[in-house]
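Colleague: This is the structure I have questions about; it appears just below.
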Amino acid sequence: MIGFAFRRLLQAGAVMFVVALIAFSLFRHVGDPVNQMVGVETSTEQREALREQLGLNDPMPLQFVRFLGNAARFDFGTSYQFRQPVADLFAKRIPATLELAFTSALLALAVGVPMGVYAGLRRETVLARLFLSLSLVGISLPTFFLGMLLIYIFAVSLQWLPSFGRGDVVDLGGWWTTGFLTVSGLKALVLPAITLALYQMTLIMRLVRAEILEVVRADFIRFARARGLPDRLVHFRHALKNTLVPVVTITGLQLGSIIAFATITETVFQWPGMGLLFLQAVQTVDIPIMAAYLMLTAFLFVTINFVVDILYFLIDPRLRASA
(Lines give C-alpha, C1' and ligand atoms only; values in the text may rest on other atoms or scores of the structure.)
Protein backbone atom coordinates (compact mmCIF):
# COMPACT_ATOMS: atom_id res chain seq x y z
CA MET A 1 0.00 0.00 0.00
CA ILE A 2 2.78 2.44 0.95
CA GLY A 3 4.80 1.58 -2.16
CA PHE A 4 1.72 2.01 -4.35
CA ALA A 5 0.95 5.41 -2.81
CA PHE A 6 4.60 6.50 -3.15
CA ARG A 7 4.67 5.66 -6.86
CA ARG A 8 1.47 7.62 -7.41
CA LEU A 9 2.92 10.60 -5.51
CA LEU A 10 5.98 10.57 -7.76
CA GLN A 11 3.73 10.57 -10.83
CA ALA A 12 1.68 13.42 -9.36
CA GLY A 13 4.84 15.41 -8.72
CA ALA A 14 5.96 14.93 -12.33
CA VAL A 15 2.58 16.12 -13.61
CA MET A 16 2.66 19.22 -11.42
CA PHE A 17 6.20 20.00 -12.59
CA VAL A 18 5.11 19.92 -16.24
CA VAL A 19 2.05 22.07 -15.50
CA ALA A 20 4.24 24.54 -13.60
CA LEU A 21 6.54 24.76 -16.62
CA ILE A 22 3.54 25.54 -18.86
CA ALA A 23 2.23 28.16 -16.41
CA PHE A 24 5.70 29.74 -16.20
CA SER A 25 5.81 29.89 -20.00
CA LEU A 26 2.64 32.00 -19.95
CA PHE A 27 4.52 34.76 -18.14
CA ARG A 28 7.40 34.59 -20.61
CA HIS A 29 5.67 34.18 -23.96
CA VAL A 30 2.15 35.64 -23.66
CA GLY A 31 2.70 39.36 -23.60
CA ASP A 32 5.12 41.38 -21.51
CA PRO A 33 4.26 41.61 -17.78
CA VAL A 34 5.79 45.08 -17.58
CA ASN A 35 3.59 46.40 -20.39
CA GLN A 36 0.54 45.02 -18.59
CA MET A 37 1.46 46.72 -15.31
CA VAL A 38 2.40 50.22 -16.47
CA GLY A 39 0.87 52.87 -18.73
CA VAL A 40 2.08 54.28 -22.00
CA GLU A 41 3.51 57.33 -20.25
CA THR A 42 6.04 55.22 -18.30
CA SER A 43 9.60 55.93 -19.36
CA THR A 44 12.10 53.32 -20.55
CA GLU A 45 14.18 53.76 -17.39
CA GLN A 46 11.14 53.11 -15.18
CA ARG A 47 10.29 50.03 -17.20
CA GLU A 48 13.81 48.66 -16.82
CA ALA A 49 13.75 49.38 -13.08
CA LEU A 50 10.47 47.47 -12.77
CA ARG A 51 11.90 44.54 -14.78
CA GLU A 52 14.87 44.44 -12.41
CA GLN A 53 12.56 44.61 -9.38
CA LEU A 54 10.44 41.73 -10.69
CA GLY A 55 13.54 39.65 -11.48
CA LEU A 56 12.76 39.46 -15.19
CA ASN A 57 16.42 40.06 -16.05
CA ASP A 58 17.57 37.02 -14.06
CA PRO A 59 18.56 33.78 -15.82
CA MET A 60 15.62 31.64 -16.90
CA PRO A 61 16.34 28.67 -14.55
CA LEU A 62 16.51 31.03 -11.58
CA GLN A 63 13.19 32.60 -12.56
CA PHE A 64 11.59 29.17 -12.84
CA VAL A 65 12.86 28.08 -9.42
CA ARG A 66 11.51 31.32 -7.94
CA PHE A 67 8.19 30.70 -9.70
CA LEU A 68 7.99 27.18 -8.20
CA GLY A 69 8.64 28.52 -4.73
CA ASN A 70 5.99 31.21 -5.09
CA ALA A 71 3.50 28.74 -6.62
CA ALA A 72 3.97 26.39 -3.65
CA ARG A 73 2.70 29.26 -1.48
CA PHE A 74 0.06 30.11 -4.10
CA ASP A 75 1.71 33.45 -4.68
CA PHE A 76 1.16 34.46 -8.30
CA GLY A 77 1.58 38.17 -7.79
CA THR A 78 -0.99 40.84 -8.49
CA SER A 79 -3.77 40.69 -11.05
CA TYR A 80 -3.25 43.07 -13.97
CA GLN A 81 -6.98 43.74 -14.24
CA PHE A 82 -8.16 43.91 -10.62
CA ARG A 83 -4.93 45.24 -9.07
CA GLN A 84 -5.34 42.79 -6.19
CA PRO A 85 -3.30 39.76 -5.08
CA VAL A 86 -4.35 36.72 -7.09
CA ALA A 87 -4.54 34.60 -3.93
CA ASP A 88 -7.14 36.97 -2.45
CA LEU A 89 -9.23 36.88 -5.63
CA PHE A 90 -9.26 33.08 -5.68
CA ALA A 91 -9.98 32.84 -1.96
CA LYS A 92 -13.21 34.79 -2.56
CA ARG A 93 -14.20 32.62 -5.55
CA ILE A 94 -13.24 29.10 -4.43
CA PRO A 95 -16.21 28.60 -2.03
CA ALA A 96 -18.72 29.34 -4.81
CA THR A 97 -17.07 26.94 -7.27
CA LEU A 98 -16.64 24.12 -4.74
CA GLU A 99 -20.25 24.43 -3.56
CA LEU A 100 -21.50 24.24 -7.13
CA ALA A 101 -19.14 21.39 -8.06
CA PHE A 102 -19.87 19.15 -5.08
CA THR A 103 -23.60 19.76 -5.29
CA SER A 104 -23.52 18.82 -8.97
CA ALA A 105 -21.42 15.71 -8.28
CA LEU A 106 -23.74 14.51 -5.49
CA LEU A 107 -26.78 15.13 -7.69
CA ALA A 108 -25.19 13.21 -10.57
CA LEU A 109 -24.36 10.26 -8.29
CA ALA A 110 -27.68 10.25 -6.44
CA VAL A 111 -29.66 10.13 -9.69
CA GLY A 112 -27.24 8.47 -12.11
CA VAL A 113 -26.36 5.35 -10.10
CA PRO A 114 -29.97 4.24 -9.33
CA MET A 115 -30.98 4.94 -12.93
CA GLY A 116 -28.04 2.89 -14.21
CA VAL A 117 -28.77 -0.01 -11.87
CA TYR A 118 -32.42 -0.07 -12.87
CA ALA A 119 -31.64 0.22 -16.59
CA GLY A 120 -29.17 -2.66 -16.27
CA LEU A 121 -31.34 -5.00 -14.24
CA ARG A 122 -34.66 -4.18 -15.98
CA ARG A 123 -33.33 -3.37 -19.43
CA GLU A 124 -36.45 -4.53 -21.30
CA THR A 125 -38.88 -2.29 -19.43
CA VAL A 126 -40.33 0.93 -20.80
CA LEU A 127 -38.81 2.97 -17.97
CA ALA A 128 -35.32 1.62 -18.69
CA ARG A 129 -35.65 2.58 -22.34
CA LEU A 130 -36.89 6.01 -21.29
CA PHE A 131 -33.78 6.43 -19.12
CA LEU A 132 -31.57 5.57 -22.10
CA SER A 133 -33.39 8.06 -24.30
CA LEU A 134 -33.02 10.78 -21.68
CA SER A 135 -29.32 9.98 -21.33
CA LEU A 136 -28.83 10.56 -25.06
CA VAL A 137 -30.49 13.95 -24.70
CA GLY A 138 -28.30 14.81 -21.71
CA ILE A 139 -25.11 13.91 -23.55
CA SER A 140 -26.11 15.67 -26.77
CA LEU A 141 -27.30 19.02 -25.40
CA PRO A 142 -24.55 21.66 -25.12
CA THR A 143 -24.13 23.01 -21.61
CA PHE A 144 -24.76 26.62 -22.56
CA PHE A 145 -27.97 25.71 -24.43
CA LEU A 146 -29.27 23.65 -21.51
CA GLY A 147 -28.52 26.50 -19.11
CA MET A 148 -30.36 29.05 -21.23
CA LEU A 149 -33.27 26.63 -21.67
CA LEU A 150 -33.59 26.17 -17.91
CA ILE A 151 -33.37 29.93 -17.39
CA TYR A 152 -36.14 30.52 -19.92
CA ILE A 153 -38.45 27.89 -18.37
CA PHE A 154 -37.89 28.31 -14.64
CA ALA A 155 -36.68 31.92 -14.34
CA VAL A 156 -38.39 33.79 -17.16
CA SER A 157 -41.63 31.89 -17.81
CA LEU A 158 -42.46 30.36 -14.42
CA GLN A 159 -40.40 32.82 -12.31
CA TRP A 160 -39.70 30.15 -9.73
CA LEU A 161 -35.92 30.49 -9.55
CA PRO A 162 -33.36 33.28 -10.08
CA SER A 163 -31.54 33.39 -13.40
CA PHE A 164 -28.14 34.61 -12.22
CA GLY A 165 -25.97 35.20 -9.18
CA ARG A 166 -25.38 33.25 -6.00
CA GLY A 167 -28.07 34.73 -3.80
CA ASP A 168 -27.49 35.69 -0.17
CA VAL A 169 -24.51 34.05 1.50
CA VAL A 170 -23.43 33.57 5.10
CA ASP A 171 -19.86 34.29 6.19
CA LEU A 172 -18.65 31.31 8.21
CA GLY A 173 -15.55 33.08 9.37
CA GLY A 174 -12.29 33.68 7.59
CA TRP A 175 -12.66 33.47 3.81
CA TRP A 176 -15.40 30.85 3.48
CA THR A 177 -18.93 31.86 2.56
CA THR A 178 -21.88 29.59 1.87
CA GLY A 179 -25.30 29.90 0.30
CA PHE A 180 -26.55 26.64 1.82
CA LEU A 181 -27.88 28.48 4.85
CA THR A 182 -30.13 30.95 3.02
CA VAL A 183 -33.27 30.42 0.97
CA SER A 184 -32.11 32.65 -1.87
CA GLY A 185 -28.73 30.89 -1.90
CA LEU A 186 -30.38 27.47 -2.25
CA LYS A 187 -32.69 28.74 -4.99
CA ALA A 188 -29.79 30.27 -6.90
CA LEU A 189 -27.92 26.96 -6.73
CA VAL A 190 -30.63 24.81 -8.30
CA LEU A 191 -30.38 25.74 -11.99
CA PRO A 192 -26.56 25.86 -12.33
CA ALA A 193 -26.22 22.61 -10.34
CA ILE A 194 -28.68 20.79 -12.62
CA THR A 195 -26.99 22.23 -15.71
CA LEU A 196 -23.56 21.11 -14.56
CA ALA A 197 -24.74 17.72 -13.28
CA LEU A 198 -26.80 16.56 -16.26
CA TYR A 199 -23.92 15.46 -18.48
CA GLN A 200 -22.12 13.75 -15.59
CA MET A 201 -25.35 12.07 -14.50
CA THR A 202 -26.03 10.57 -17.93
CA LEU A 203 -22.41 9.42 -18.21
CA ILE A 204 -22.55 7.70 -14.82
CA MET A 205 -25.93 6.14 -15.65
CA ARG A 206 -24.67 4.62 -18.89
CA LEU A 207 -21.46 3.42 -17.25
CA VAL A 208 -23.30 1.73 -14.36
CA ARG A 209 -25.76 0.14 -16.79
CA ALA A 210 -22.94 -1.25 -18.96
CA GLU A 211 -21.11 -2.63 -15.92
CA ILE A 212 -24.28 -4.20 -14.52
CA LEU A 213 -25.01 -5.89 -17.86
CA GLU A 214 -21.49 -7.31 -17.92
CA VAL A 215 -21.41 -8.43 -14.29
CA VAL A 216 -24.79 -10.21 -14.28
CA ARG A 217 -23.45 -12.53 -16.99
CA ALA A 218 -20.39 -13.48 -14.93
CA ASP A 219 -19.92 -16.98 -13.53
CA PHE A 220 -20.00 -15.94 -9.88
CA ILE A 221 -23.47 -14.44 -10.40
CA ARG A 222 -24.67 -17.73 -11.92
CA PHE A 223 -23.23 -19.62 -8.96
CA ALA A 224 -24.97 -17.23 -6.55
CA ARG A 225 -28.28 -17.84 -8.28
CA ALA A 226 -27.64 -21.60 -8.28
CA ARG A 227 -27.21 -21.46 -4.50
CA GLY A 228 -30.73 -20.09 -4.27
CA LEU A 229 -29.82 -16.59 -3.11
CA PRO A 230 -32.63 -14.05 -3.61
CA ASP A 231 -32.35 -11.58 -6.47
CA ARG A 232 -32.05 -8.60 -4.13
CA LEU A 233 -28.96 -10.13 -2.49
CA VAL A 234 -27.43 -11.15 -5.81
CA HIS A 235 -27.99 -7.75 -7.39
CA PHE A 236 -26.96 -5.43 -4.59
CA ARG A 237 -24.33 -7.40 -2.68
CA HIS A 238 -22.57 -9.19 -5.52
CA ALA A 239 -23.37 -7.44 -8.80
CA LEU A 240 -23.41 -3.81 -7.66
CA LYS A 241 -20.25 -4.20 -5.56
CA ASN A 242 -18.28 -5.34 -8.59
CA THR A 243 -19.31 -2.29 -10.59
CA LEU A 244 -17.77 0.11 -8.07
CA VAL A 245 -14.22 0.06 -9.45
CA PRO A 246 -14.89 1.80 -12.81
CA VAL A 247 -17.63 3.94 -11.26
CA VAL A 248 -15.25 5.27 -8.58
CA THR A 249 -12.62 6.00 -11.21
CA ILE A 250 -14.94 7.84 -13.58
CA THR A 251 -16.71 9.69 -10.77
CA GLY A 252 -13.44 10.97 -9.34
CA LEU A 253 -12.18 12.19 -12.69
CA GLN A 254 -15.55 13.75 -13.50
CA LEU A 255 -15.47 15.64 -10.21
CA GLY A 256 -12.19 17.14 -11.34
CA SER A 257 -13.77 18.00 -14.67
CA ILE A 258 -16.73 19.66 -12.95
CA ILE A 259 -14.41 21.87 -10.90
CA ALA A 260 -12.06 22.68 -13.74
CA PHE A 261 -14.54 23.15 -16.56
CA ALA A 262 -17.43 24.87 -14.81
CA THR A 263 -16.50 27.97 -16.80
CA ILE A 264 -19.44 27.78 -19.21
CA THR A 265 -22.02 27.16 -16.49
CA GLU A 266 -20.65 29.93 -14.30
CA THR A 267 -20.69 32.31 -17.28
CA VAL A 268 -24.29 31.49 -18.26
CA PHE A 269 -25.56 31.97 -14.71
CA GLN A 270 -23.02 34.66 -13.73
CA TRP A 271 -21.99 32.43 -10.85
CA PRO A 272 -19.16 34.22 -8.99
CA GLY A 273 -16.70 31.33 -9.07
CA MET A 274 -13.23 30.58 -10.39
CA GLY A 275 -14.48 29.71 -13.87
CA LEU A 276 -16.02 33.13 -14.42
CA LEU A 277 -12.87 34.78 -13.06
CA PHE A 278 -10.74 32.73 -15.47
CA LEU A 279 -12.86 33.71 -18.45
CA GLN A 280 -12.52 37.39 -17.53
CA ALA A 281 -8.76 36.88 -17.25
CA VAL A 282 -8.58 35.33 -20.73
CA GLN A 283 -10.48 38.29 -22.20
CA THR A 284 -8.03 40.78 -20.66
CA VAL A 285 -4.88 38.60 -20.92
CA ASP A 286 -4.49 38.63 -17.13
CA ILE A 287 -1.58 36.17 -16.98
CA PRO A 288 -1.28 35.84 -13.15
CA ILE A 289 -4.91 34.69 -12.88
CA MET A 290 -4.55 32.36 -15.88
CA ALA A 291 -1.40 30.78 -14.44
CA ALA A 292 -2.94 30.43 -10.99
CA TYR A 293 -6.08 28.82 -12.43
CA LEU A 294 -3.97 26.37 -14.43
CA MET A 295 -1.91 25.40 -11.37
CA LEU A 296 -4.93 25.14 -9.08
CA THR A 297 -6.99 22.99 -11.43
CA ALA A 298 -3.99 20.75 -12.09
CA PHE A 299 -3.50 20.35 -8.34
CA LEU A 300 -7.17 19.46 -7.90
CA PHE A 301 -7.00 16.90 -10.71
CA VAL A 302 -3.81 15.35 -9.31
CA THR A 303 -5.23 15.21 -5.77
CA ILE A 304 -8.53 13.69 -6.88
CA ASN A 305 -6.74 11.19 -9.12
CA PHE A 306 -4.49 10.18 -6.22
CA VAL A 307 -7.48 9.61 -3.93
CA VAL A 308 -9.22 7.62 -6.70
CA ASP A 309 -6.12 5.44 -7.15
CA ILE A 310 -6.03 4.69 -3.42
CA LEU A 311 -9.75 3.83 -3.39
CA TYR A 312 -9.19 1.70 -6.51
CA PHE A 313 -6.43 -0.14 -4.63
CA LEU A 314 -8.67 -0.72 -1.61
CA ILE A 315 -11.71 -1.86 -3.62
CA ASP A 316 -10.02 -4.15 -6.14
CA PRO A 317 -8.25 -7.10 -4.47
CA ARG A 318 -6.38 -7.89 -7.69
CA LEU A 319 -4.33 -4.70 -7.30
CA ARG A 320 -3.45 -5.61 -3.72
CA ALA A 321 -2.35 -9.06 -4.84
CA SER A 322 -0.07 -7.66 -7.56
CA ALA A 323 1.40 -4.82 -5.46
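The values are calculated or read from the model by the stated rules, or taken from the named source; none is laboratory data. Computed from a prediction, not measured in an experiment: that's the story for all the values here. All Cβ positions, glycine included, derive from the backbone under ideal geometry; neighbour counts span all protein chains shown. These accessible areas exclude ligands, DNA and RNA; they are computed on the full protein's heavy atoms, side chains included. Shrake-Rupley method; radii C 1.70, N 1.55, O 1.52, S 1.80 Å.
Colleague: Give the stretch 204-246 a look and list any residue that's modelled with pLDDT under 70, outside any helix (DSSP H, G or I) and surrounded by 18 or more Cβ atoms within 10 Å (Cβ to Cβ), or say none.
Modeller: 240
Colleague: In the stretch 102-118, is there at least one residue being open to solvent by 20 Å² or more (accessible area, probe 1.4 Å) and at pLDDT below 80?
Modeller: Within the stretch 102-118, not a single residue is open to solvent by 20 Å² or more (accessible area, probe 1.4 Å) and at pLDDT below 80.
Colleague: Further, regarding this structure: Identify all residues within the stretch 274-288 that are assigned to a helix (DSSP H, G or I) and surrounded by fewer than 19 Cβ atoms within 10 Å (Cβ to Cβ); write none if there are none.
Modeller: Matches in the stretch 274-288: 279, 280, 282, 283, 284.
Colleague: Sort out which residues of the stretch 156-184 are assigned to a loop (DSSP other than H, G, I, E, B) and either within 17 Å of residue 101 (Cα to Cα) or among the aliphatic types (A, V, I, L, M) (or both), and write them in order of number.
Modeller: 158, 161, 164, 165, 166, 167, 169, 172, 176, 179, 180, 181, listed by residue number.
Colleague: Residue by residue through the stretch 250-266, note down the ones that are hydrophobic (A, V, I, L, M, F, W, C) and in contact (Cβ under 8 Å) with a residue 60 or more places away in the chain.
Modeller: 255, 258, 259, 262, 264, listed by residue number.
Colleague: Tell me the residue from 86, 65, 117 that is closer than 30 Å to residue 212 by Cα, out of contact with any Lys or Arg (no Cβ under 7 Å at 6 or more places or on another chain) and of a type outside the set (Gly, Ala, Ser), please.
Modeller: Of the residues listed, the single one that is closer than 30 Å to residue 212 by Cα, out of contact with any Lys or Arg (no Cβ under 7 Å at 6 or more places or on another chain) and of a type outside the set (Gly, Ala, Ser) is 117.
Colleague: Okay, moving on. Residue 271 passes all but one of (1) open to solvent by 10 Å² or more (accessible area, probe 1.4 Å); (2) part of a loop (DSSP other than H, G, I, E, B); (3) not basic (Lys, Arg); which number fails?
Modeller: It is condition (1) that residue 271 fails.
Colleague: Now a separate question. Examine the stretch 122-145 for a residue that is crowded, with 17+ Cβ neighbours inside 10 Å and closer than 16 Å to residue 266 by Cβ, and state whether such a residue exists.
Modeller: There is at least one residue in the stretch 122-145 that is crowded, with 17+ Cβ neighbours inside 10 Å and closer than 16 Å to residue 266 by Cβ.
Colleague: While we're on this one: On the basis of being farther than 19 Å from residue 188 by Cα and part of a helix (DSSP H, G or I), does residue 265 make the cut?
Modeller: no
Colleague: Looking at (1) open to solvent by 60 Å² or more (accessible area, probe 1.4 Å); (2) modelled with pLDDT of 90 or more; (3) closer than 29 Å to residue 246 by Cα, which is the one condition that is false for residue 192?
Modeller: (1)
Colleague: Oh, and also: Where the second residue is open to solvent by 50 Å² or more (accessible area, probe 1.4 Å) and polar (S, T, N, Q) and the first is more than 23 Å from residue 12 (Cβ to Cβ) and lies in the stretch 272-301, which pairs have Cβ atoms under 6 Å and are six or more apart or on separate chains?
Modeller: Matching pairs, first to second residue: 284/81; 286/81.
Residue by residue, here is whether (1) in contact (Cβ under 8 Å) with a residue 24 or more places away in the chain; (2) of a type in the set (A, V, I, L, M); (3) touching a Gly at 6+ places or on another chain (Cβ under 8 Å); (4) not in a helix (DSSP H, G or I) holds:
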{"position": "71", "(1), (2), (3), (4)": "yes, yes, no, no"}
{"position": "81", "(1), (2), (3), (4)": "yes, no, no, yes"}
{"position": "93", "(1), (2), (3), (4)": "yes, no, yes, no"}
{"position": "99", "(1), (2), (3), (4)": "yes, no, yes, no"}
{"position": "104", "(1), (2), (3), (4)": "yes, no, no, no"}
{"position": "116", "(1), (2), (3), (4)": "yes, no, no, no"}
{"position": "120", "(1), (2), (3), (4)": "yes, no, no, no"}
